[in-house]
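Q: Dumping the structure here so I can ask a few things about it.
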Amino acid sequence: MVSITCLMILTSVVTTLAQTERYISGDNMDMEAALQFLIEHNERAAQTYNRMGNARWNYQTNLNEETKEEMLRMTEVRAEFVKEAWKNATSFAWKDLFEGEQHEIFYRWFKKLSVLGSPALPKDRLSELNKLIADMQDIYSTAKVCAFESTDCSLSLDPDLTELLRGSRNFDELKHVWSQWRDKTGKKMKGHFLKYVQLTNEAARLNGFSDAGDLWREVYESETFVRDVEALWKTMEPLYQQLHAYVRRKLIQQYPGRGIRADGPIPAHLLGNMWAQSWGNIFDLVKPYPDKEFIDVTDMMQEKKMTPLDMFKLSEDFFISLGLLPMTPEFWNRSVIEKPKGREMVCHASAWNFFDRKDFRIKMCTKVNMQDLITVHHEMGHVQYYQQYAKQPVMFQSGANPGFHEAVGDVLALSVSTSDHLRKIGLLGDVPDDDEADINHQMKTALSKIAFLPFGYLIDSWRWKVFSGEIPVERLNSGWWEHRLKYQGLCPPVKRTDEDLDAAAKYHVASDVPYIRYFVSYVIQFQFHKALCKAAEHQGPLHKCDIYQNKAAGQLLRQMLRQGSSVEWKEAMRIVTDSDRMDANPLLEYFEPLLQWLQKQNEGEVIGWESANPMACP
Ligand code: D0W
Ligand code: ZN
């Protein structure tokens, strides 16, 4: 049977298929028709997603009306394809067509095909929705703001504002760009966003979900997901509050007379990042042992005259050292790794799968610094996953869940950022390796990993409530700042109203990308790190483990990645960690030395915060 050979190539579940052949050689026509459908669908899906990917790539790397129209046209073609596939798939009695081992895999395959998504909308409403999202992304990606006390109004987020937030210690200048960015993005999108919420909800309901949040959570295949993430946050909250209290005290010292209260929230513009989502850029203000020499990796990279290409090669080398795959020739030829001149591009970094098993790309406006080196690893982690599951059917070419996809590169980066590894690759000078240096180093890591946790949680916590109507449309921004206060302990430096829409000043909100995946990733990456370090027979504390060149660790990771989403994430997790639950304990173990230190530093300090009005700093 011809089709069986094709199918063998399609799926890695060879044993299942060998058995399938036995079944088909009988006279079960329905089953044969179903398999025939899957094979044909798979080929056409790869083609359609390839063309869609190219149209989106052409648009995002060259924003103009022509590329936008072509992308929207392809979006319609894809919607038609998805709709037709859905019609065909649901015409089979797929729920009890197969038995035994092949039941599991084909049930899963059909189940994915039976969720239609936004193409459930009538045609005109679907194109309206797609246009709204493209317009919001446009507004976000091309926004320009005026410099502080200047008539120069050409500052873009990437690199101008990002650099300014990173380096400026001028309270009023920071406040100026902070509020300007929100005026030029979120506020301008309010109308779009309201309509977008309506339409995505409508699509979700047509799919049988109660609202768009309900549909978004479907990929996590768990009835208890909302409760589980809340419980994870509660476990980590005490550690965050210790970090918050310590950083708040340092900021009061840095900005005296600016009204920052010792028992209040932190003004959101002082943390080195436009959204206060990671705080690594203010390390100099909060360094635990200021006199301890700490050679900044960024300085070293620039001193060594590293280029973006060097950073990508360095990252690839780490993957190869684990026995994982190098990037393809197509990757090196077609990726865009620096901001192009003379055209607008979506600078927000991204990784792309073109579904032909060799064309994978990264688009990134890389700058030579430590943070971007980590981001390169993050993006290359996505590409590694694409490559590992490239032989799976298209419908299984995704992460075990989206959090897994986000975690791959970050897991490697945890090893890369150890002082031992940085020294090994010549990015850290010969600084003494003692307890004080260790705490300095843990603080640096905590400023990106711990500070991020409440942010990673609150974005979708807010959106879920917006979609469900628990936050009413008149209170979108009030609801947003209640979340910012409750979880992050932040307040806005300029008074907000419900005319503003500050959530949409963040890329993923403007671009319709779910965010809870990053929260999940930040938790499970420490579970993976711990498990891989065990496989590598690492001795000593978790935060000092570097899995570089360890083939046993690489092999374990590879086994998980190859499966894509052909198995439930719980099963994928068991491959690496021999647990099937998200667990915050490895993260807490990693930061145990810092927690002890912070608790001592914060004796007598107010832990937590009070505020009468979430819409303004006191
Ligand atoms: C993709 N998405 C882009 C970019 C930007 C990652 C991001 C979050 C965060 C710090 C075609 C396509 C997807 C991948 C896929 C997105 C980044 C910097 C890093 C949170 C922050 C950190 C890790 C994460 C933020 C990404 N592909 N990060 O869209 O296959 O789904 O490329 O947005 O260290 O807020 O910055 O996740 O790579
Ligand atoms: Zn990512």
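Q: Would you mind finding the one in Leu428, Leu412, Leu490 that is in contact with a helix residue (DSSP H, G or I) (Cβ under 9 Å, 6 or more places away or on another chain) and modelled with pLDDT under 95?
A: None of the other options fit; the residue is Leu428.
Q: Can you name every residue in region 479-512 that is among the hydrophobic types (A, V, I, L, M, F, W, C) and not in a helix (DSSP H, G or I)?
A: Leu490, Cys491, Val494, Leu501
Q: Then there's this: Determine which single condition Trp352 fails, assuming it passes every other condition in (1) within 8 Å of ligand 1 (Cβ to nearest atom); (2) free of Cβ contacts under 8 Å to residues at least 60 places away in the same chain; (3) aromatic (Phe, Trp, Tyr).
A: Result: Trp352 passes all but (2).
Q: Something else: Being touching a Lys or Arg at 6+ places or on another chain (Cβ under 7 Å) and in a helix (DSSP H, G or I), is that true of even one residue in region 522-543?
A: Looking for residues that are touching a Lys or Arg at 6+ places or on another chain (Cβ under 7 Å) and in a helix (DSSP H, G or I), one finds at least one in region 522-543, hence yes.
Q: Also, quick follow-up: Any chance you could count how many residues in region 142-161 are under 26 Å from the mean Cα position of the chain (by Cα) and surrounded by fewer than 20 Cβ atoms within 10 Å (Cβ to Cβ)?
A: Result for region 142-161: 6.
Q: Just to be sure before I move on: is Tyr385 in contact with a Phe, Trp or Tyr (Cβ under 7 Å, 6 or more places away or on another chain) and buried (at least 23 other Cβ atoms within 10 Å of the Cβ) in the structure I sent?
A: No.
Q: Just checking, does region 491-498 include any residue being under 23 Å from the mean Cα position of the chain (by Cα), hydrophobic (A, V, I, L, M, F, W, C) and crowded, with 23+ Cβ neighbours inside 10 Å?
A: no
Q: Return yes when Leu476 is touching a strand residue (DSSP E or B) at 6+ places or on another chain (Cβ under 7 Å), closer than 21 Å to Trp181 by Cα and not aromatic (Phe, Trp, Tyr) and no when it is not.
A: No; evaluated as a whole, the condition is false for this residue.
Q: From the list Pro432, Pro402, exactly one residue is within 16 Å of ligand 2 (Cβ to nearest atom) and either within 15 Å of the chain's Cα centre (by Cα) or in contact (Cβ under 8 Å) with a residue 24 or more places away in the chain (or both). Which is it?
A: Pro402
Q: Quick one: count up the residues across region 234-263 that are touching a residue at least 40 places away in the same chain (Cβ under 8 Å), surrounded by fewer than 16 Cβ atoms within 10 Å (Cβ to Cβ), of a type outside the set (A, V, I, L, M, F, W, C) and outside any helix (DSSP H, G or I).
A: 3
Q: Moving on. In this structure, is Glu293 surrounded by 14 or more Cβ atoms within 10 Å (Cβ to Cβ) and either modelled with pLDDT under 95 or touching a Pro at 6+ places or on another chain (Cβ under 9 Å) (or both)?
A: Against the criterion (surrounded by 14 or more Cβ atoms within 10 Å (Cβ to Cβ) and either modelled with pLDDT under 95 or touching a Pro at 6+ places or on another chain (Cβ under 9 Å) (or both)), Glu293 does not qualify.
Q: Please go through region 512-555 and give me each residue that is away from ligand 2 (no atom under 16 Å from the Cβ), within 15 Å of Gly409 (Cα to Cα) and hydrophobic (A, V, I, L, M, F, W, C), ordered by number.
A: Phe526, Leu532, Ile547, Ala553
Q: Then there is this: Out of region 220-233, which residues are surrounded by fewer than 21 Cβ atoms within 10 Å (Cβ to Cβ) and on the phi < 0 side of the Ramachandran plot?
A: Tyr220, Ser222, Glu223, Thr224, Phe225, Val226, Arg227, Asp228, Glu230, Ala231, Trp233 - these are the residues of region 220-233 that are surrounded by fewer than 21 Cβ atoms within 10 Å (Cβ to Cβ) and on the phi < 0 side of the Ramachandran plot.
Q: Going through region 319-336 one residue at a time, which ones are in contact (Cβ under 8 Å) with a residue 60 or more places away in the chain and of a type in the set (S, T, N, Q)?
A: Across region 319-336, the qualifying residue is only Ser321.
Q: If only one of Gln563, Gln549, Gln601 is under 30 Å from Ile425 (Cβ atoms) and of a type outside the set (Val, Ile, Thr), which one is it?
A: Within the list Gln563, Gln549, Gln601, the selection yields Gln549.
Q: Still on this model: Only one of these conditions is not met by Asp433: (1) away from ligand 1 (no atom under 12 Å from the Cβ); (2) modelled with pLDDT of 95 or more; (3) among the acidic types (Asp, Glu); (4) assigned by TED's automatic domain parsing to the domain that holds Phe283. Which number is it?
A: Asp433 satisfies all of (1) away from ligand 1 (no atom under 12 Å from the Cβ); (2) modelled with pLDDT of 95 or more; (3) among the acidic types (Asp, Glu); (4) assigned by TED's automatic domain parsing to the domain that holds Phe283 except (2).
Q: Considering only region 296-318, state which residues are touching a residue at least 12 places away in the same chain (Cβ under 8 Å), surrounded by fewer than 16 Cβ atoms within 10 Å (Cβ to Cβ) and part of a loop (DSSP other than H, G, I, E, B).
A: Those that are touching a residue at least 12 places away in the same chain (Cβ under 8 Å), surrounded by fewer than 16 Cβ atoms within 10 Å (Cβ to Cβ) and part of a loop (DSSP other than H, G, I, E, B): Lys304, Thr307.
Q: Which condition number in (1) in contact with a helix residue (DSSP H, G or I) (Cβ under 7 Å, 6 or more places away or on another chain); (2) assigned by TED's automatic domain parsing to the domain that holds Lys506; (3) within 16 Å of ligand 2 (Cβ to nearest atom) is the one that Pro393 fails?
A: Among (1) in contact with a helix residue (DSSP H, G or I) (Cβ under 7 Å, 6 or more places away or on another chain); (2) assigned by TED's automatic domain parsing to the domain that holds Lys506; (3) within 16 Å of ligand 2 (Cβ to nearest atom), Pro393 violates only (3).
Q: Could you please tell me which pairs satisfy a Cβ distance under 8 Å, a separation of 6+ or placement on different chains, a first residue in region 171-187 that is on the phi > 0 side of the Ramachandran plot and at pLDDT 95 or above, and a second residue that is aromatic (Phe, Trp, Tyr) and surrounded by fewer than 20 Cβ atoms within 10 Å (Cβ to Cβ)?
A: That search, which allows pairs on different chains as well, returns nothing.
Q: Which of (1) closer than 30 Å to Leu194 by Cβ; (2) buried (at least 22 other Cβ atoms within 10 Å of the Cβ) does Asp512 not meet, given it meets every other one?
A: (2)
Q: Go through region 405-415 residue by residue and tally those that are more than 7 Å from ligand 1 (Cβ to nearest atom) and over 16 Å from Leu324 (Cα atoms).
A: The number of residues fulfilling the criteria is 1.
Q: Residues to consider are Leu285, Leu239, Leu270; find the one that is assigned by TED's automatic domain parsing to the domain that holds Gln488, touching a Leu at 6+ places or on another chain (Cβ under 6 Å) and either closer than 22 Å to Asp160 by Cα or at pLDDT below 95 (or both).
A: Leu270
Q: Same structure again: Could you please find all residues in region 388-404 being in a helix (DSSP H, G or I) and either surrounded by 23 or more Cβ atoms within 10 Å (Cβ to Cβ) or more than 9 Å from ligand 1 (Cβ to nearest atom) (or both)?
A: Those that are in a helix (DSSP H, G or I) and either surrounded by 23 or more Cβ atoms within 10 Å (Cβ to Cβ) or more than 9 Å from ligand 1 (Cβ to nearest atom) (or both): Gln388, Val394, Met395, Phe396, Gly403, Phe404.
Q: Starting from region 92-108, keep only residues that are crowded, with 18+ Cβ neighbours inside 10 Å, then list their pairs with residues that are assigned to a loop (DSSP other than H, G, I, E, B) and among the hydrophobic types (A, V, I, L, M, F, W, C) whose Cβ atoms are within a distance under 8 Å, requiring at least 6 positions of separation or different chains.
A: As it stands, the answer is Ile105/Val13; Phe106/Leu97; Phe106/Phe98, since those pairs meet every condition given.
Q: Let me ask something else about it. In this structure, is Val376 more than 12 Å from ligand 2 (Cβ to nearest atom), in the same structural domain as Leu322 (by TED's automatic domain parsing) and surrounded by 23 or more Cβ atoms within 10 Å (Cβ to Cβ)?
A: For Val376, the condition - more than 12 Å from ligand 2 (Cβ to nearest atom), in the same structural domain as Leu322 (by TED's automatic domain parsing) and surrounded by 23 or more Cβ atoms within 10 Å (Cβ to Cβ) - is not met.
Q: Could I ask something else about it? Quick one: is Phe148 among the aromatic types (Phe, Trp, Tyr) and free of Cβ contacts under 8 Å to residues at least 40 places away in the same chain?
A: yes
Q: Would you mind telling me which numbered condition in (1) outside any helix (DSSP H, G or I); (2) within 14 Å of ligand 1 (Cβ to nearest atom); (3) closer than 24 Å to Ala572 by Cα Cys365 fails?
A: With (1) outside any helix (DSSP H, G or I); (2) within 14 Å of ligand 1 (Cβ to nearest atom); (3) closer than 24 Å to Ala572 by Cα applied to Cys365, the lone miss is (3).
Q: A follow-up question, please. For Phe331, which of the numbered conditions (1) assigned to a helix (DSSP H, G or I); (2) hydrophobic (A, V, I, L, M, F, W, C); (3) under 15 Å from the mean Cα position of the chain (by Cα) fails to hold?
A: Condition (3) is where Phe331 drops out.
The values are calculated or read from the model by the stated rules, or taken from the named source; none is laboratory data. What you see is a predicted model, and the numbers here were worked out from it, not measured in a lab. All Cβ positions, even for glycine, are placed from backbone atoms using ideal geometry, and neighbour counts span all protein chains on display.
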